Amino acid sequence: MRLIHSRWPQVVQYLEHCRGILIPTGSTEQHGPIGPIGTDALVAEAIALGAASRGGWLVAPTLSLGPAQFNLGFPGTIALRSSTMMAVVGDVLESLAVQGFERFYFLNGHGANIAAVNAACQDFYAQWSLGRRSAAAPRCRLRSWWEYPGADQMRKSLYGTWEGLHATPSELAISMAVLGSDYPYDEAALAQVGQPPPALTAEDLRLMGGDNHPDSNAHRSRFPDGRVGSHSALARAEAGQALLQAAISDAHQDISEFFA
Ligand code: NI
């Protein structure tokens, strides 16, 4: 159930049997010539809502802006500073914790959120570590959907090394499944990405994990159409539906264990 569709007495009732909440995190940034700018947010949200409907959990509003300075050279990208992201996450945690929530599950769709969200959680815990709060300390967990074992295995078997790191065929396939006829299909753009981009090296993969990219000019000159080693044109809605279902199953299992 979406928190924004709920009435406050329903939240009171919910807290009587569950102290956990899902918080999808994404980004608003370019996803190559054929990918929607909101890909990371809409993929994370769809997986969170799917898992939540199985588990009967509440889903907080998707945090659909994140650190993305490296993509500012591509129109449509909106970047938060990492410090802003940490402040937003901290305020969300404080707001929900004061009402009795104790388990915060960040279902993530954007690499650059990982460092900021985990850092905000560390600062949140520090209040208990420093003796400023006496009740039992809450717990946070962040999982990026591509780490889920079933989804990870499926994307590797579908796309191999052409999965790459950004504007990936797997995330675009899930966007296609989620958006249906609202997906911004465009034949001319598709022709533009008919050829795969330059492949990433093992060193690239190591250095660029968690979107550890330099400034936007350097980023765009290295990856001129926005794809980072990903052959986006391999994305299909049917595979997206299968990836989505695999991720939902994995998420449901991980969240059940975390909330128990
Ligand atoms: Ni993405």
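Against the chain, whose longest principal axis is taken from its Cα atoms, helix 169-179 shows a tilt of about 70°. Between the helical axis of 82-97 and the longest alpha-carbon principal axis of the chain there is an angle of about 30 degrees. Determine the shape class of segment 167-260: with a ≥ b ≥ c the square roots of the Cα gyration tensor eigenvalues, call it rounded for a/c under 1.5, and otherwise prolate if a/b is greater than b/c, oblate otherwise. The shape class here is oblate.
The antiparallel fraction among DSSP beta bridges confined to the chain stands at about 15%. The magnitude of the dipole of the chain, with charges of +1 and -1 set on the Cβ of Lys/Arg and Asp/Glu and taken from the Cα centre, is near 580 debye. Gaussian network model of the chain, Cα springs within a sub-10 Å range: biggest mean-square fluctuation belongs to which of GLU94, GLU171, GLU16? It is GLU16.
Counting only protein heavy atoms, what percent of the accessible surface of segment 138-215 is carbon or sulfur at a 1.4 Å probe? Whole-percent figure for carbon plus sulfur exposure: 53.
Set against the 2.2 N^0.38 Å expectation for a compact globular protein, segment 154-222 has a Cα radius of gyration ratio of 1.27.
Cysteine residues of the chain whose C-beta has no other cysteine C-beta under 4.7 angstrom: CYS18. Accessible area per residue for segment 3-259, computed on protein heavy atoms with a 1.4 Å probe, is 46 Å². Highest GNM mean-square fluctuation among LEU96, LEU158, LEU130, for the chain modelled with Cα contacts below 10 Å: LEU130.
Relative to one another, the C-alpha centroids of segment 14-28 and segment 135-199 are positioned 22 Å apart. Counting every C-alpha pair in segment 1-150, the share spaced more than 18 angstrom apart comes to 58%. Taking the alpha carbon gyration tensor of segment 3-259, multiplying each eigenvalue by 5 and rooting it gives semi-axes of 32, 21, 15 Å, largest first. Structural size metrics of segment 107-240, computed from C-alpha coordinates, are Rg and Dmax of 18.3, 60 Å.
Within the set of other residues whose C-beta is less than 10 Å from the C-beta of ARG141, count the net charge using Lys and Arg as +1 and Asp and Glu as -1. Net charge around ARG141: +1. Sequence-distant contacts, meaning Cα pairs under 8 Å at least 6 residues apart, place the relative contact order of the chain at 26 percent.
Karplus-based coupling profile of segment 58-70, in residue order and whole Hz: 8, 10, 5, x, 5, 7, 9, 10, x, x, 7, 4, 5, with θ = phi - 60° in 6.51 cos²θ - 1.76 cosθ + 1.60 and x standing for Gly or Pro. So which residue, out of ASP91, ASP186, ASP40, gets the largest mean-square fluctuation from a GNM of the chain using Cα contacts under 10 Å as springs? Result: ASP186 has the largest fluctuation of those listed.
The values are calculated or read from the model by the stated rules, or taken from the named source; none is laboratory data. Since the model is a prediction, treat every value here as computed from it, not as a measurement. Because the Cβ atoms are built from the backbone with ideal geometry, glycine has one as well, and the counts that use them run over all protein chains shown. Surface areas here come from the heavy atoms of the whole protein model, side chains and all, with no ligands, DNA or RNA. Shrake-Rupley method; radii C 1.70, N 1.55, O 1.52, S 1.80 Å.
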